[in-house]
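The values are calculated or read from the model by the stated rules, or taken from the named source; none is laboratory data. This one's a predicted model, so the numbers in the text were calculated from it and none came from an experiment. Virtual Cβ from ideal backbone geometry, glycine too; neighbours counted across all protein chains shown. All accessible areas refer to the heavy atoms of the entire protein, side chains included, with ligands and DNA or RNA removed. Shrake-Rupley method; radii C 1.70, N 1.55, O 1.52, S 1.80 Å.
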Amino acid sequence: MTAFIVKRVLSLIPILFIMSVIVFLIIYLIPGDPARVMLGDGADEATIQQLRANMGLDQPLVLQYGQWIGSALQGDLGDSYFLKKSVSAVIGEHLQPTLSLALLAELIAIAIALPFGIWAAVNRGGWADKALAAYTLLGITIPGFLLSMFLVLLFAVQLKWLPVSGYAPISDGLWNFLKYLILPGISVGVVMSSVIARIVRSSFLEVMNQGYVKTARSKGLRERSIVYKHILRNALIPILTVIGGTFGTLLAGAAVVESIFNIPGLGQLLVHSVSRRDYTVIQGLVLFIAFTYVLVNLVVDLLYAVVDPRIRLNK
């Protein structure tokens, strides 16, 4: 297992290198001079040149990349010109809300998708299967922001059970923390569950037709035992893939939900940074999100090997 983990980690090095080059070049893809764009049309030439020097834009490109990636490897992503703080500190301040929302939404999605998908697969062609098809169709076609607005109108405005928007850290108490995250968590989790449930159903049906499952049935094993001991474990790999993918996507792109519910997370930070042209934050944030996405995929890869030891031997 150790050799497998080392191989997987080493295989990420070229991916991370290419990713860092692309993120570094983001600032050069901006039309015009980044310093001039950041300071606006009213800035004088001396101030622009000073900012260019501060950003290292007057250095050769290769040297700039070397300095930037060297600092990034030490946790220094530069400073925000708008917030007057280090980018690492800004990301740290906005990480907890996004991580909390992503974990809650993922738990809600799994809690709905796993039993629903298994139920539909075991009762293939029945009303449970048709219900899943309708649920999946609704989950794919209804935009997440529309579901968010419906939940706010019903549970926050009409019933007044939950706050309309905002965020409270967990240090303010568990209920105070959860009551702000329930509605956005459901908004994202329900949409995600429709996709995951479909994968659970497909993966289960594929495994259910394998010879060893038929053999287990011919031996008279109980159906519950066959489903949870023989089918579930072997059907987990595609399910883990989609769960890891949705979690990574959530960390990267919860901007709409965070904006609707006024959650000060990474998505909202990215939107605000783009609107105020805070390019050092955009660069650092994109690098952090891309790294997190790669890390989530590494964890999923390692879980493959735990679920199915044959993967370790084949790689």
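Taking other residues whose beta carbon is less than 12 angstrom from the beta carbon of ASP129, and scoring Lys, Arg as +1 and Asp, Glu as -1, yields +4. Taking every alpha-carbon pair under 8 Å whose residues sit at least 6 apart, region 89-312 reaches a relative contact order of 27 percent.
Counting charges near LEU266 (Lys, Arg +1; Asp, Glu -1) among other residues having Cβ under 13 Å from its Cβ returns a value of -2.
Measuring how big the chain is from its alpha-carbon positions, Rg and Dmax come out at 23.8, 84 Å.
Near the amide H of ASP79, within less than 5 Å, lie the amide hydrogens of VAL87, all on another chain or at least 5 residues away, with H placed in the peptide plane.
Remark: C-alpha extents of region 149-245 on the principal axes read 56, 27, 26 Å, sorted largest to smallest.
Annotation for GLU206 and TYR28: the two label points, set 7 Å from Cα along the Cα-Cβ direction, are 4.1 nm apart.
Annotation: extensible slack from LYS160 through TYR65 equals 29.0 nm (criterion: 0.36 nm per residue apart, minus Cα-Cα distance). Compute the separation of the alpha-carbon centres of region 276-311 and region 145-222 and state it in Å as a whole number. Value for the Cα centre distance between the two parts: 22 Å. Helix check for the chain. Which DSSP H runs span at least 24 Å along their own axis by Cα, with a mean Kyte-Doolittle hydropathy no less than 0.0? Helices meeting the criterion: 2-25, 87-122, 174-208, 232-253, 279-307.
Here is the list for region 200-300: trypsin sites (Lys or Arg not before Pro) lying in DSSP coil, each with at most 11 other C-beta atoms within 10 angstrom of its C-beta, are LYS219, ARG222. Were the residues from LEU57 through LEU295 laid out at 0.36 nm apart, the gain over their Cα-Cα distance would be 82.6 nm.
The distance linking region 96-131 with region 1-17 is 31 Å (Cα centroid to Cα centroid, whole angstrom).
Mean sequence separation of contacting Cα pairs (under 8 Å, at least six apart), scaled by the length of region 154-199, corresponds to a relative contact order of 24 percent. Other residues lying with their Cβ under 13 Å from the Cβ of ASP79 contribute a combined charge of 0, Lys and Arg counting +1, Asp and Glu -1.
Among TRP119, TRP161, TRP175, the sequence by solvent-accessible area, most first, with a 1.4 Å probe is TRP161, TRP175, TRP119. Computed over the alpha carbons of region 8-95, Rg followed by Dmax gives 14.9, 51 Å.
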